[in-house]
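The values are calculated or read from the model by the stated rules, or taken from the named source; none is laboratory data. Source: prediction; values computed, not measured. No Cβ is skipped: glycine too gets one built from the backbone with ideal geometry, and neighbour counts run over all protein chains shown.
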């Protein structure tokens, strides 16, 4: 699977306007969601990488086995940073002091292994060529439990987490993700992926100016296939022209999205 994409920045003050524009263009209300993103870094080794255990692959459904086999092939070739993504509700966050005074929070957080999550692997985007968009290989495995244990079993280590706040729209083959990323207030909570989340109000944007990122993307089975790639490029270029003067879509420097583990 390959993802072809462009991005634009949106000031926080323009968020409501941007959502309304996208809602009108796509003819749908946004799919609004919050995600807890756990980042796992692979071993700093060039050889001897484990990959996915055979028993993990064999217990998968026939539809998912090819995805796990492909992931295995990538992880034995190169060590990467992999994201485990868990959709969460506002109620999963802790309460502020004022809220605690009003009513206690009796909900107990489950461990991440008990919760269904999504494994997302992205390759370093391809070098710039004649295409006016970024292209990268990607793999996404949805609705899986035990992902943290799987990562630990192959020598990956948890390195941090963030919360993604996103509004998603879809128009034909084009996916619009309007997102910002929030960091937890202190290292003690960020260092334990099973720790309860703090109050949402205590999270702070990673971007100092609190900008949102609007990504438009098209996914194709094989981005190396000229016909598939050209169709995706055409759809993205048409979308960019539709929003000219409204959103400034552009390519990003590929090394800013490098997911390879840095060797010491």
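Listed values, structure above:
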item: Matching entry among 200, 169 (being modelled with pLDDT under 95, within 20 Å of the chain's Cα centre (by Cα) and surrounded by 14 or more Cβ atoms within 10 Å (Cβ to Cβ)); result: 200
item: Residues being in a loop (DSSP other than H, G, I, E, B) and under 23 Å from the mean Cα position of the chain (by Cα) - total across segment 53-72; result: 3
item: Odd one out for residue 224, checked against (1) closer than 18 Å to residue 138 by Cα; (2) modelled with pLDDT of 95 or more; (3) exposed (fewer than 15 other Cβ atoms within 10 Å of the Cβ); result: (2)
item: Positions within segment 21-64 being without any contact (Cβ under 8 Å) to a residue 12 or more places away in the chain and within 20 Å of residue 164 (Cα to Cα), in sequence order; result: 29
item: All strands (runs of 3 or more DSSP E) inside segment 157-218 with 1 or more residues being more than 15 Å from residue 36 (Cβ to Cβ); result: 157-171, 174-183
item: Qualifying positions in segment 123-152 - in contact (Cβ under 8 Å) with a residue 40 or more places away in the chain, in contact with a strand residue (DSSP E or B) (Cβ under 9 Å, 6 or more places away or on another chain), surrounded by fewer than 18 Cβ atoms within 10 Å (Cβ to Cβ) and assigned to a loop (DSSP other than H, G, I, E, B); result: 124, 126, 128, 131, 132
item: Qualifying positions in segment 75-93 - touching a strand residue (DSSP E or B) at 6+ places or on another chain (Cβ under 9 Å), surrounded by fewer than 17 Cβ atoms within 10 Å (Cβ to Cβ) and farther than 15 Å from residue 34 by Cα; result: 78
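Listed here are the residues, each with its yes/no results for (1) modelled with pLDDT under 95; (2) within 24 Å of residue 165 (Cβ to Cβ); (3) touching a helix residue (DSSP H, G or I) at 6+ places or on another chain (Cβ under 6 Å).
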position	(1), (2), (3)
66	no, no, no
79	no, no, no
84	no, yes, yes
97	yes, yes, no
